[in-house]
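Q: For reference, the structure I am asking about is given below.
The values are calculated or read from the model by the stated rules, or taken from the named source; none is laboratory data. If you're wondering where the values come from, they're calculated on a predicted model, not measured in any experiment. All Cβ positions, even for glycine, are placed from backbone atoms using ideal geometry, and neighbour counts span all protein chains on display. The accessibility values were calculated without ligands, DNA or RNA, using every heavy atom of the protein model including side chains. Shrake-Rupley method; radii C 1.70, N 1.55, O 1.52, S 1.80 Å.
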Amino acid sequence: DDVDYNNMNKIVDGETLEFYDVHTYDFYVTNMASYIALGNWFDYLREQGVYDNTRIIIVSDHGNDLAQFKDRVFTNGMDMERYSAVLMEKDFGATGFNVCDEFMTVADVPVLSTEGIIDNPINPFTGNKITSNGKANGEVIVSTTCKIGQGIGNYTIKQFDFSDGELWQINGGNIYNEDNWKKVEY
């Protein structure tokens, strides 16, 4: 339609979320519809009496680099929203809504999932203990590549190819602080 995207900007926690084309607007509408559907599902769980005794974890594999928050685009052009996945947890008996700024990654989900349920959880595929020790020093390596598979016939082999991207190390803390990132040569 003829929506004027430039006049649809939203203020989120004091920051402007910018809409400048149909692409940015579509992502917003899709995400908001998803969150409304989740809210309806949570209401249903409450009506059934199972919400309080349920742990719910919602996670995405990555964010998207839409440059909707101008202060989250670094001087080198990297948009930190691409590296900001959704990670929400509602634990057993939790009430209210809290935001946690603890440095976390998608790889923390197995720890969150098993915490308080399984003592000394072990990955059944590797035999390794499930921990968050890999980021114990607050250091995580991030790749900017988008090449994650090589097609062979009707199959895709899930193998990362870093040849067209860069590696960056995030030193814990606030991922939106450019000083917390340093390029890694390989």
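Q: Hand me the list of strands (runs of 3 or more DSSP E) wholly inside region 75-186 holding 1 or more residues that are modelled with pLDDT under 85.
A: Counting at least 1 such residues, we get 139-143, 149-152, 155-158, 167-171.
Q: Looking only at residues in region 94-130 that are in contact with a Lys or Arg (Cβ under 7 Å, 6 or more places away or on another chain) and polar (S, T, N, Q), which one is most open to solvent (accessible area, probe 1.4 Å)?
A: If we take residues in region 94-130 being in contact with a Lys or Arg (Cβ under 7 Å, 6 or more places away or on another chain) and polar (S, T, N, Q), then ASN120 is most open to solvent (accessible area, probe 1.4 Å).
Q: Another question, if that's okay. Regarding VAL73, is this residue open to solvent by less than 60 Å² (accessible area, probe 1.4 Å) and either free of Cβ contacts under 8 Å to residues at least 12 places away in the same chain or of a type in the set (Asp, Glu) (or both)?
A: For VAL73, the condition - open to solvent by less than 60 Å² (accessible area, probe 1.4 Å) and either free of Cβ contacts under 8 Å to residues at least 12 places away in the same chain or of a type in the set (Asp, Glu) (or both) - is met.
Q: Now, a different point. Hey, among the residues in region 13-52 that are aromatic (Phe, Trp, Tyr), outside any helix (DSSP H, G or I) and open to solvent by less than 60 Å² (accessible area, probe 1.4 Å), which one's modelled with the lowest pLDDT? Even if it seems obvious, please write down each step before you answer.
A: Step one: list which residues in region 13-52 are aromatic (Phe, Trp, Tyr), which gives 19-20, 25, 27-28, 35, 41-42, 44, 51.
When the remaining residues are screened for being outside any helix (DSSP H, G or I), the result is 19-20, 51.
Next, only the ones that are open to solvent by less than 60 Å² (accessible area, probe 1.4 Å) stay: 19, 51.
Values: PHE19: 84, TYR51: 94.
Within region 13-52, the match that is modelled with the lowest pLDDT is PHE19.
Q: Follow-up. Suppose the filter is more than 23 Å from TRP181 (Cβ to Cβ) and touching a Lys or Arg at 6+ places or on another chain (Cβ under 8 Å); does LYS10 pass it? Reasoning before the result, please.
A: Values: more than 23 Å from TRP181 (Cβ to Cβ): yes; touching a Lys or Arg at 6+ places or on another chain (Cβ under 8 Å): no.
No.
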